[in-house]
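Since the structure comes first, as structure tokens, the remarks are kept for the end.
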Amino acid sequence: MRTTPDHHPGYFAHQLTNPFAAYALGFSFALAVYSLGYSDLYPPLQPSLVFFLLATCLVCVLLAVSVGGPVDSVAHRRVSLELHSYIFLVLMAVFAAEIVYNGGIPLLLIATGADFNYQEFGIPEVHVAFVGFCNFYAVYWFDVFILERRRIFIFLSLTAASTSLLIFSRGSFLITLTAIVFVYVQRRGIGFRLLQSFAVLLVAALWGFGLLGDLRTHGASGESIILNIGEASDSFVNSSIPTEIFWPYLYISSPLANLQLNMTDRVAADSPATYFEVEFLPDFISKRVVSEAAMSSSAPLLINDQLAVATMYGRSFLLLGWLGLLLTFCYFVVVSMFFLRVLRSSKYFVAACSILSSLAFFNVFDSMYLFVGGILQVLVALFLHLFERRESPPASPISGDGSTRFSSNKTLRASSETCNY
């Protein structure tokens, strides 16, 4: 059974909804934010680093265009509400068990001033799997809502996504929210009004990100703390920009500052073995095969201990110099191509591609493809796709309202052009 979207996204929208375009957008945005110069803590970026980042952005733009062009995807079969209600209830039951296990909801505990480390939330060996499945289904259920217009799925999607906020995982929430935006663009296209809406949402999200940062530092004291941590420049302090905006400014631009620090202050010799272990293996494997001493010695240098990320390239340069940066970029391209090719005929493709795009966008912070909490969402899509390949052939096509009908080949071809790989 197949549902037909109300209208088909344009060719340009397809070029914006893949991990290569997302990479170019993320690093270009970070470079633009860095150039504002709102922090006296930051070193100037060397021309060689700027050239490398812009060159990889250009390569990604070319890759985004080269994989463009609509192709037929698997027919969308009407989703079983009973099955997905059961999945939702299981996820919420696990979430409730984690809350009981940890003695409360992290967001509320922090808001009330309780002494609680939100980074330790969750049941050991369970939490990572919960986050992966919960965030994947948050994105997939939104995709189902776009296709089928059943409001229950937007409820399931937003509820699943909200768990990241409740456990105070701002990064996880932003990754999921960004993936949902990519789903919308891929299914519905993009226009001027949509760009306006995205701009408003972006400002609101940045302000909310900073507000949560102030909340984490217990209210009003957060202003002086964050301005001191980031060594806000006079141009920012004397401006009318709200302090909440300084939080996202630091988080967006500080990875480039840390990367530059690792390039100018690097004194370690090349470590090819450690490089391949920590930069090519998912973190749940590398943590078990690399000694704590090696992991500690390969940790990127930081301009401030509170600003602890150095883009996807920070550790790469520390371990293998410029060759490490090049290999890490190639790794990103190969992994992206692999998932796009394998999942191109899957009903989970749009959700998985959007998650990949979100992870690629946030590679400006760290190697998201290596973190099990990030790449696990795509692995969930891969697992479900391989598991369901043996299911029975689809039944008769249906319209968006669920009524059975037979469509012309032309209509079926048009409705199938929902992706561009």
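Side notes on the structure shown:
- Those residues of region 255-271 which are assigned to a helix (DSSP H, G or I) and either out of contact with any helix residue (DSSP H, G or I) (no Cβ under 7 Å at 6 or more places or on another chain) or modelled with pLDDT under 90 (or both), in sequence order: 257, 261, 264
- Out of 330, 353, sole residue that is surrounded by fewer than 22 Cβ atoms within 10 Å (Cβ to Cβ), within 22 Å of the chain's Cα centre (by Cα) and of a type outside the set (Ser, Thr, Tyr): 330
- Residues satisfying the stated conditions in region 148-185, i.e. among the hydroxyl-bearing types (Ser, Thr, Tyr) and farther than 23 Å from residue 89 by Cβ: 178, 184
- Matching residues, region 261-275, being among the hydrophobic types (A, V, I, L, M, F, W, C) and surrounded by fewer than 16 Cβ atoms within 10 Å (Cβ to Cβ): 267, 268, 269, 273
- Of everything listed in (1) farther than 29 Å from residue 334 by Cα; (2) at pLDDT 85 or above, the single unmet condition for residue 293 is (2).
- Candidates are the residues of region 79-109 that are buried (at least 17 other Cβ atoms within 10 Å of the Cβ) and outside any helix (DSSP H, G or I); the one that is modelled with the lowest pLDDT is 105.
- Set 285, 252, 245, 226: member being of a type outside the set (D, E, K, R), surrounded by fewer than 16 Cβ atoms within 10 Å (Cβ to Cβ) and either in contact with a strand residue (DSSP E or B) (Cβ under 9 Å, 6 or more places away or on another chain) or in a helix (DSSP H, G or I) (or both): 285
- Scan region 38-67 for residues that are within 14 Å of residue 336 (Cβ to Cβ) and surrounded by fewer than 17 Cβ atoms within 10 Å (Cβ to Cβ) and the total you get is 3.
- Taken as a whole, the structure places residue 327 among residues that are closer than 18 Å to residue 53 by Cα, touching a Phe, Trp or Tyr at 6+ places or on another chain (Cβ under 9 Å), of a type in the set (A, V, I, L, M, F, W, C) and touching a residue at least 12 places away in the same chain (Cβ under 8 Å).
- Filtered residues of region 384-399 (kept if part of a helix (DSSP H, G or I) and either touching a strand residue (DSSP E or B) at 6+ places or on another chain (Cβ under 8 Å) or modelled with pLDDT of 85 or more (or both)): 384, 385, 386
- Looking only at region 121-154, residues that are among the aromatic types (Phe, Trp, Tyr), at pLDDT below 90 and either in a loop (DSSP other than H, G, I, E, B) or buried (at least 23 other Cβ atoms within 10 Å of the Cβ) (or both) come to 1 in all.
- Within the option set 381, 310, being crowded, with 22+ Cβ neighbours inside 10 Å, part of a loop (DSSP other than H, G, I, E, B) and modelled with pLDDT of 90 or more holds for one residue only, 310.
- Within region 314-349, tally of residues that are among the aliphatic types (A, V, I, L, M) and not in a helix (DSSP H, G or I): 1
- Among the residues of region 143-198, those identified as among the basic types (Lys, Arg) and closer than 18 Å to residue 347 by Cα are 149, 150, 187, 188.
The values are calculated or read from the model by the stated rules, or taken from the named source; none is laboratory data. Only a predicted model underlies this, so the values are computations on that prediction, with no experimental measurement involved. Positions of Cβ are backbone-derived with ideal geometry, glycine not excepted, and every protein chain shown enters the neighbour counts.
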